[in-house]
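This structure is in structure tokens; I'll ask about it shortly.
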Amino acid sequence: MKSTVEQLSPTRVKINVEVPFDELKTNFDRAYRKLAQQVRIPGFRPGKAPARILENRLGRGVVLDEVVNEAIPAKYSEAISAEQVRPLGQPEIEVTEIKDGEQLAFTAEVDVRPSIELPDASKIAVTVDDVAVADEDVTEQLDALRARFGTLTGVERPAAKDDFVVVDLSATVNGEAVEEAATTGLSYQVGSGGLVDGIDEALVGLSEGESATFSSTLVAGEYANQEAAITATVTAVKERELPAADDEFAQLASEFDTLDELTEDLRTRLGQAKRMQQAAQARDKVLEGLIADTEVPLPESVLKAELDVREHDAIHAFDHDEERFAQWLSEQGKTREEFDTEAKADAEKSVKTQLILDAIADAEEVGVSDMELTQQIVSQAQRFGISPEEFLQRTQQAGQLGAVYADVRRGKALGHVVRQASITDESGTEVDLSEFFGGDESETDAEVETTEQAEATESSEQEPASSKA
């Protein structure tokens with residue numbers, strides 16, 4: 001087999017392949033066996049008809065089609081391996097010649113990874129927030145912990161922020177009752193903002209037995225994204241009484257014997273959480289600097305695929321109803337043209353990021369161990385609330401295990417750049433982030449792991465001490 005490569009653009013090549021018929025003997029043998037099983041010829045058992053009889057019965061063209069369709073994918077793979085082409089996406093194949101008995105010729109146009117001149121990572125300099133834990137931060141966390149052990153007491157006064165109310169809800173859209181939006185006896189903390197837009201303002205000032213009606217957009221169900229009139233009726237108002245902040249409370253709520261020990265633990269945990277946030281901030285800023293300093297030609301097919309996914313995901317939430325999607329955009333104060341522009345910019349940034357990190361991973365010969373891949377699978381399974389086995393099965397069925405591998409590898413590549421970059425805090429002190437972006441020997445998926453740590457900050461702050469319970 002002979003192959004040559006034409007560079008059509010920085011991101012696309014044309015591969016010319018010529019295959020002598022001598023190399024297609026095994027393909028012909030398989031084609032004859034397959035066709036013999038598919039046709040019945042008098043005088044021969046199924047699968048036993050000779051090649052000459054098959055060709056007389058079906059025609060030489062049918063046999064050649066079978067051979068060509070089987071041979072081209074294998075010969076294409078052989079050509080890109082021999083020519084060290086790194087394709088992105090599926091090729092566009094064109095058969096240019098079938099000279100029976102002599103040779104098969106075809107071309108394959110495909111997008112490829114562009115050549116990228118990587119910047120000197122040591123010249124990337126970023127500034128991150130200081131890590132400072134104020135007394136007010138510690139007090140806030142202590143109060144949050146005390147709230148977990150608080151008691152609710154009924155009061156005869158209008159509801160105020162942070163009070164708990166028992167409320168009945170009903171909703172209508174254009175005068176029609178929305179059954180799935182109705183509920184009774186719902187316990188809700190005023191000001192928590194976790195129910196429906198506008199309810200906190202409506203509840204403040206209501207006493208037991210009083211109602212208020214307000215407008216809000218429904219987010220789910222038959223009337224999703226439509227304006228509804230929601231009526232809230234308060235049936236009880238309760239306030240939370242917090243336990244005293246003393247040694248007895250420390251013993252109740254944690255493994256510590258004194259309030260001072262508990263307070264110091266809260267301060268330590270807050271410092272750790274802020275360090276995680278600082279590491280995530282450093283990673284993001286280093287990545288932004290890397291993107292800004294690197295020129296990357298974008299492969300059209302890869303960019304289009306990324307953009308298609310983003311558009312599909314956006315419209316999928318509206319059951320692919322373009323009118324509902326357009327209405328939602330209008331409510332957000334955005335036109336479809338503006339959405340398309342933003343989606344394209346986001347897609348371009350995403351593809352550019354992937355290509356840069358892949359190039360760094362190649363240059364640094366970054367690999368992914370079985371343990372690192374397993375850790376990523378476990379982490380993603382936890383994020384989706386399913387078992388690692390189920391996540392792995394779904395990923396394999398969707399053909400996405402390679403994407404998981406690539407994400408881990410890119411994260412490690414980014415960690416490599418972060419280690420080389422100059423990182424200082426706002427006070428001008430050099431920041432050591434080796435605990436998050438350690439050496440190559442011990443490094444895990446720095447990009448993903450640090451993101452998850454930062455996202456976990458809020459939950460860790462809500463549980464600042466280990467409970468004895």
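Each reported figure results from applying straightforward, stated rules to the coordinates on display, with no laboratory input. Fair warning: this is a prediction, and the values are worked out from it, not measured in the lab. When we count neighbours, we look across all protein chains shown, and the Cβ atoms used for this are built from the backbone with ideal geometry, even at glycine.
Past 22 Å, Cα to Cα: identify those pairs from LYS123/LYS304; LYS14/LYS304; LYS161/LYS238; LYS123/LYS344; LYS75/LYS99; LYS2/LYS304, in the order given.
Check vs 22 Å cut-off fails for LYS123/LYS304; LYS123/LYS344; LYS2/LYS304.
Going by average Cβ density within 10 Å per residue, which order do the peptides 152-164, 262-274, 27-39 take, highest to lowest?
Going from most to least packed, we get 262-274, 27-39, 152-164.
May I pose another question? Round to a whole angstrom and tell me the spacing of the C-alpha centers of the stretch 227-289 and the stretch 94-159.
So the separation of the two Cα centres works out to 24 Å.
Just to be sure I understand, if you calculate Cα extents along the principal axes in Å for this structure, which of [x] 69, 46, 45; [y] 98, 62, 46; [z] 66, 56, 50 do you get?
Among [x] 69, 46, 45; [y] 98, 62, 46; [z] 66, 56, 50, the one derived from this structure is [y].
Need one word for the stretch 151-241: rounded, prolate or oblate. Basis is the Cα gyration tensor (sqrt eigenvalues a ≥ b ≥ c); a/c below 1.5 gives rounded, then a/b vs b/c decides.
prolate
Considering the Cα positions of the stretch 219-268, please state its Rg to one decimal place and its Dmax as a whole number of Å.
So, for the stretch 219-268, Rg and Dmax equal 21.6, 54 Å respectively.
I've got another one for you. Using Cα-Cα distances under 8 Å and only pairs 6 or more residues apart, what relative contact order does the stretch 275-366 have, in percent?
Result for the stretch 275-366 is 39 percent.
To the nearest 20 Debye, how big is the dipole of the stretch 251-462 about its Cα centre, given +1 on the beta carbon of each Lys and Arg and -1 on that of each Asp and Glu?
Dipole size: approximately 280 debye.
Going out from 0 in 5 Å bins, what whole percent of all Cα-Cα distances in the stretch 251-462 drops into each bin?
Answer for the stretch 251-462: a P(r) of 1, 6, 11, 13, 15, 15, 15, 11, 6, 4, 2, 1, 0 percent.
Now for a separate question. What order do you get for TYR405, TYR188 when you list them from fewest to most C-beta neighbours inside 10 Å?
Fewest-to-most ranking of TYR405, TYR188: TYR405, TYR188.
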